[in-house]
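The values are calculated or read from the model by the stated rules, or taken from the named source; none is laboratory data. Quantities reported herein were computed from a predicted structural model and do not represent experimental measurements. Quick reminder, even Gly has a Cβ in these numbers, built from the backbone with ideal geometry, and neighbours come from all protein chains shown. Calculation scope for accessible area: heavy atoms of the full protein, side chains included, ligands and nucleic acids excluded. Shrake-Rupley method; radii C 1.70, N 1.55, O 1.52, S 1.80 Å.
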Amino acid sequence: MSSFATHRLRALDPTRAPRRRFAALRTCVTEFAPYGFRATFDHLARTARIPADPERDPDAVVRAVEELHAAREIWLAAFRPWQELRRAQKRAGVRAPRPTEPWRRLHCPDPGFHPDAPLPVVMPSILRAGAGPWPPPVCPVCARDRGTRELRTGHRVYRLCAGCGVGLGGRDTGFEPAVAAAREERWKSIWLRRT
């Protein structure tokens with residue numbers, strides 16, 4: 001499988017067809033998704049203003065992939081020292097990493113409700129969230145209690161930060177077919193950029 005860097009270069013390549021560049025962006029999101037795939041995809045589609053037909057604005061893909069790349073670089077800056085430390089721990093026979101791997105994402109279960117700030121601005125909050133207790137006493141992105149709201153997915157009920165949509169915990173429920181079907185229809189409209 002190709003790497004994030006390879007697909008980023010494909011997304012940036014002006015000689016490639018806009019739809020192929022868009023497909024490369026989607027692969028980048030599968031490799032690095034700070035809010036989870038669906039919410040990160042929606043965030044990038046909105047902030048970069050990616051039209052339903054990528055040929056109408058090929059530069060939108062460039063804006064999206066560069067925002068994602070900038071956030072990934074922040075994560076990599078935290079990950080590389082941890083990686084070196086982890087290698088030394090493994091050589092010393094330490095089985096469980098201390099500290100744990102730097103977080104690369106916060107789950108936003110509602111793909112249409114996630115932090116509005118650019119990903120590079122939110123990434124330091126994501127990294128700090130991984131170092132604290134889980135679930136956190138306040139939203140790690142908002143850094144204060146803005147209340148919560150509930151999201152039903154058809155399989156789980158999530159508690160979300162009312163300010164930015166970050167998942168703060170959840171519990172399994174029985175299968176709710178109507179809720180799951182409505183959620184999938186909503187995702188389909190996000191995926192096709194109809195929202």
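Per-residue ellipticity at 222 nm from helix content only, as computed over the chain with -39500 (n - 2.57) for each DSSP H run of at least four residues, stands at -16000 deg cm²/dmol.
Counted residue by residue at 0.36 nm each, then reduced by the alpha carbon distance between them, the extension gain from Gln89 to Arg146 reaches 16.6 nm.
For a quick check of your reading of the filter: which trypsin sites (Lys or Arg not before Pro) in region 9-73 sit in a DSSP loop and have no more than 13 other Cβ atoms within 10 Å? Write down the numbers at each step before the final one.
On the way: sites: Arg10, Arg16, Arg19, Arg20, Arg21, Arg26, Arg38, Arg46, Arg49, Arg56, Arg63, Arg72; in loops: Arg16, Arg49.
Those that pass, being in a loop and sparsely packed, are Arg49.
May I ask you to derive the FRET efficiency for Glu185 and Ala131 from their Cβ-Cβ distance with R0 = 41 Å, giving the value to the nearest 0.05? List each step's numbers first, then the result.
Working: r = 38 Å, r/R0 = 0.92.
Calculated transfer efficiency: 0.60.
Taking the chain as a Gaussian network of alpha-carbon nodes connected by springs under 10 Å, the highest mean-square fluctuation of the residues Gly163, Gly174, Gly112 belongs to Gly174. Scanning the chain for cysteines with no neighbouring cysteine C-beta under 4.7 angstrom from their C-beta gives Cys28, Cys108, Cys164.
Roughly how many debye, to the nearest 20, is the charge dipole of the chain about its Cα centre, given +1 on each Lys and Arg Cβ, -1 on each Asp and Glu Cβ, and no other charges? Intermediate results must be reported in sequence, preceding the final value.
Details: 35 positive and 20 negative charges, 107 e Å.
Roughly 520 debye, rounded to the nearest 20.
At a 1.4 Å probe radius, carbon and sulfur cover how many percent of the accessible area of region 1-52? The computed percentage sits at 52. With springs only between Cα atoms under 10 Å apart, run a GNM on the chain and tell me which of Pro54, Pro109, Pro136 wobbles the most. Comparing Pro54, Pro109, Pro136 in a Gaussian network model of the chain, the most mobile one is Pro136. Using Cβ point charges alone (K and R +1, D and E -1), the dipole size of region 1-100 about the Cα centre works out to roughly 600 debye. Note on the chain: dipole from Cβ charges, positive end direction compared against Ala64, His7, Thr47; the farthest Cα belongs to His7.
In region 118-171, which trypsin sites (Lys or Arg not before Pro) fall in coil by DSSP and have 16 or fewer other Cβ atoms within 10 Å?
Arg144, Arg146
Taking 0.36 nm per residue of separation and subtracting the current Cα-Cα distance, fully stretching the chain between Ala5 and Arg46 would add 12.5 nm. The accessible surface of region 64-195, taken with every protein chain in place and a 1.4 Å probe, is 54 percent carbon and sulfur. With the cut-off at under 20 Å, measuring from each backbone N in region 52-89 to a point 7 Å along the Cα-to-Cβ line of Arg98 picks out 81-89. Surface analysis of the chain yields an accessible area of 53 Å² per residue, using protein heavy atoms and a 1.4 Å probe.
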